[in-house]
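One structure is given below, encoded as structure tokens.
The values are calculated or read from the model by the stated rules, or taken from the named source; none is laboratory data. All figures in this text were calculated on a predicted structure; none of them were measured in a lab. Cβ coordinates were reconstructed from backbone atoms using ideal geometry, including for glycine residues, and neighbour counts include every protein chain displayed.
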Amino acid sequence: MDELACRDLVERVTDYLEGVLGPEETERVNRHLAGCDGCTAYVEQVRASVRASGALPAEVPSAQAEARLLDIFRTWTAERQGR
């Protein structure tokens, strides 16, 4: 099995943290993390960001903002359909 480059780990970090990588790929990531302090720090930063964003309160847009967003979406959709 080949070594995992830092760039490849960065591309897989979300799947790794969500536990959706297969066993072989997870093992490659784990081996890489065992020997790479930079990637280990990066994965911990991503974990911390996920935890922090999960702790934020949900914001509900105002009725005016929602209406404006829907208007923008409808205009965009109509333009894409050539109306």
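Which pairs have Cβ atoms under 9 Å, sit 6 or more apart or on different chains, and link a residue in the stretch 19-36 that is of a type in the set (Ser, Thr, Tyr) to one that is surrounded by 11 or more Cβ atoms within 10 Å (Cβ to Cβ) and in a helix (DSSP H, G or I)?
THR26/TYR16
Would you confirm, using the coordinates I've provided, whether ALA58 is in a helix (DSSP H, G or I), out of contact with any Lys or Arg (no Cβ under 6 Å at 6 or more places or on another chain) and aliphatic (A, V, I, L, M)?
It is false that ALA58 is in a helix (DSSP H, G or I), out of contact with any Lys or Arg (no Cβ under 6 Å at 6 or more places or on another chain) and aliphatic (A, V, I, L, M).
Return the only residue of VAL29, VAL20 being modelled with pLDDT of 95 or more and either surrounded by 12 or more Cβ atoms within 10 Å (Cβ to Cβ) or touching a Lys or Arg at 6+ places or on another chain (Cβ under 6 Å) (or both).
Sole residue among the options that is modelled with pLDDT of 95 or more and either surrounded by 12 or more Cβ atoms within 10 Å (Cβ to Cβ) or touching a Lys or Arg at 6+ places or on another chain (Cβ under 6 Å) (or both): VAL29.
Among the residues of the stretch 42-55, write down those that are exposed (fewer than 11 other Cβ atoms within 10 Å of the Cβ) and in a helix (DSSP H, G or I).
Hits for the stretch 42-55 are ALA48, SER49, ARG51, ALA52, SER53, GLY54.
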